[in-house]
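Below is one structure, written out as structure tokens; the observations come after it.
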Amino acid sequence: MERPLTQHITFPPLDLRAYEAVGGYQSVRKALKDMAPGDITALLKESNMKGRGGAGFSTGMKWSFVPMNVSGPKYLVANADEMEPGTFKDRWLLEGNPHQLIEGMIVSAYAIQATESFVFLRWAYKVAAVEIHKAIKEAYAAGYLGKNILGTDFSLDMHLHTGVGRYMCGEETALLNSLEGKRATPRAKPPFPQVSGLFGKPTIVNNVETLCYIPHIINNGAAWFQSLSHTNDGGTKIYGVSGRVKKPGAWELPMGVTMRELIEEHAGGMQDGYKFRGVLPGGASTDFLVEEHMDIKMDFAGVAAAGSRLGTGTMVVLDDRTCPVGFVHNLEHFFAQESCGFCTPCREGLPWTEKLLLAIEQGEGREEDLAMLASHAKMMGPGNTFCALAPGAMEPLQSALKYFRDDFEQHIREKRCPYHA
């Protein structure tokens, strides 16, 4: 995490010997030999490390919910599914430095006293699968995994599990069901996975980026981690930008850089002939932000105050030559396909929303369709569905109706898409 990511990975990942040469696995030695499990959790709380998977919940607080006085196995799972449209940060970590993830998982597993761990990997990440498999094998051979790691009483096994490709597996309990060989549907909470997760045992599921920060916090301390940030949210963040910008890519930057800096400086601004209209700041399931929001801080509180979510921190830019209706229709088509079908609002509401948007885009929309779309956005909002898939799907829709309503009305009035004239 200390070396900023470039636009393209042009170097092979470090093998074990090279990774150790630059300080790799020192946090494992420090944690297992000098720290109690509770010390690690307390350090994570002090660092104000928040999960980088999208929810932004305190990592140390999450770990503290794991019961430490129970017998039987505990599990740690790295969520490497990364199916959120517009998001590619974890892929770069997985392909670029797999030993960093493994090191973070070993320390995290020790903190919660897990004896078995899994990397739940997106099926399409073929290169990552090869590199992770190789790195796990090297870690076993070096004594970082297996029985009595580094001569201590702590033992940990690690497995690579390739998913079959469902967006639903981004939800941690659906991921656990899939890992158990079941249909990827979410579970009722409580009980939460920290108490009853994989195979009914205490389980922590963390995002890849989250786990990759752990070794550096152990090695350098909470104050150091906090000092990297521009805001109260500790550390750095891997931000990404895609769309009609001059230099799409991902960059590791202090938490809380402004949206303007990301788009205009790091991404090089809009391509020639294109103007900025809006952006999904944290992947497809976040609300649009527009020009007036360009100077907000890209941290959890700053983006929330502007009416959206930081999410994965990977921005999808909408330009003035791309139809907002078609843009949102494409997203809702994806979400409708990815619904697990478990609850009625999501199963029935998302396909209906997608059909309404398609009709508007094809010039067959009616004025009352806009009220219907707004109603769907409300009825599938937070608290009305079993999990967060449908509420997330409604975020780009409800914000598009707010910021780009003239485009919707023009489609209906002219009975065509003006962008395809």
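Exactly one residue out of R309, R277 is closer than 27 Å to G363 by Cα and of a type in the set (K, R): that is R277.
Residues in the stretch 37-81 that are among the hydroxyl-bearing types (S, T, Y), touching a residue at least 40 places away in the same chain (Cβ under 8 Å) and over 15 Å from A114 (Cα atoms): S47, T59.
Do you know which of the residues in the stretch 363-406 that are among the hydroxyl-bearing types (S, T, Y) and part of a helix (DSSP H, G or I) is surrounded by the most Cβ atoms within 10 Å (Cβ to Cβ)? Give the steps one after another, and end with the answer.
Taking the stretch 363-406 and keeping what is among the hydroxyl-bearing types (S, T, Y), we get 375, 385, 399, 403.
Okay, now just the ones that are also part of a helix (DSSP H, G or I), so 375, 399, 403.
Values: S375: 11, S399: 21, Y403: 19.
Here the answer is S399.
Of note, G38 does not satisfy the criterion of being of a type in the set (G, A, S), at pLDDT below 95 and either in a loop (DSSP other than H, G, I, E, B) or farther than 30 Å from G165 by Cβ (or both). Of all residues in the stretch 380-395, those that are outside the structural domain of T286 (by TED's automatic domain parsing) have Cβ atoms under 6 Å from Cβ atoms of residues that are acidic (D, E) and not in a helix (DSSP H, G or I), 6 or more apart or on another chain, in C387/E171; E395/D287. G269 fulfils the conditions (1) in contact with a strand residue (DSSP E or B) (Cβ under 9 Å, 6 or more places away or on another chain); (2) buried (at least 21 other Cβ atoms within 10 Å of the Cβ) except for a single criterion, (2). In the stretch 128-145, the residues that are β-branched (V, I, T) form Cβ pairs under 7 Å with partners that are surrounded by fewer than 20 Cβ atoms within 10 Å (Cβ to Cβ), at six or more places apart or across chains, as follows: I132/L160; I136/L160. State all residues of the stretch 241-260 that are in a loop (DSSP other than H, G, I, E, B) and either under 21 Å from A301 (Cα atoms) or touching a helix residue (DSSP H, G or I) at 6+ places or on another chain (Cβ under 8 Å) (or both); if no residue qualifies, say none. Listed by number, the residues that qualify are K247, M255, G256, V257. The residues in the stretch 69-91 that are farther than 30 Å from T286 by Cα and modelled with pLDDT under 95 can be counted, and the count is 4. Suppose we filter K275, K297 for residues that are more than 16 Å from Y239 (Cβ to Cβ) and modelled with pLDDT of 95 or more; which single one remains? From the options K275, K297, the qualifying one is K275.
Quick one: is L358 over 24 Å from F88 (Cβ atoms) and either among the aliphatic types (A, V, I, L, M) or under 22 Å from the mean Cα position of the chain (by Cα) (or both)?
Numbers: over 24 Å from F88 (Cβ atoms): yes; either among the aliphatic types (A, V, I, L, M) or under 22 Å from the mean Cα position of the chain (by Cα) (or both): yes.
So L358 fits the description; yes.
Return a yes/no flag: does the stretch 209-221 have any residue that is surrounded by fewer than 21 Cβ atoms within 10 Å (Cβ to Cβ), touching an Asp or Glu at 6+ places or on another chain (Cβ under 9 Å) and touching a residue at least 24 places away in the same chain (Cβ under 8 Å). Yes, the conditions are met somewhere in the stretch 209-221. Every test in (1) under 19 Å from D407 (Cα atoms); (2) out of contact with any Lys or Arg (no Cβ under 7 Å at 6 or more places or on another chain) is passed by E348 save one, and that test is (1).
Run down L32, L44, L16 and say which single residue is modelled with pLDDT of 90 or more, more than 20 Å from Y144 (Cα to Cα) and touching a helix residue (DSSP H, G or I) at 6+ places or on another chain (Cβ under 9 Å). If you could, list the steps in order and put the result at the bottom.
Numbers: L32 fails: more than 20 Å from Y144 (Cα to Cα); L16 fails: more than 20 Å from Y144 (Cα to Cα).
Among L32, L44, L16, only L44 is modelled with pLDDT of 90 or more, more than 20 Å from Y144 (Cα to Cα) and touching a helix residue (DSSP H, G or I) at 6+ places or on another chain (Cβ under 9 Å).
Of everything listed in (1) within 30 Å of H99 (Cβ to Cβ); (2) part of a loop (DSSP other than H, G, I, E, B); (3) not small (G, A, S), the single unmet condition for Y274 is (1).
Evaluating M298 against the criteria (1) under 30 Å from K50 (Cα atoms); (2) surrounded by fewer than 23 Cβ atoms within 10 Å (Cβ to Cβ); (3) hydrophobic (A, V, I, L, M, F, W, C) leaves one unmet condition, (2).
How about the stretch 54-127: which helices (runs of 4 or more DSSP H) wholly inside it have at least 1 residues that are in the same structural domain as L156 (by TED's automatic domain parsing) and within 21 Å of K147 (Cβ to Cβ)? Break it down stepwise before answering.
Working: elements: 59-64, 89-96, 98-112.
Ranges flagged: 98-112.
The values are calculated or read from the model by the stated rules, or taken from the named source; none is laboratory data. Just so it is clear, the model here is predicted, and its values are computed rather than measured. Reconstructed Cβ throughout: ideal geometry from the backbone, glycine too, with neighbour counts over all protein chains shown.
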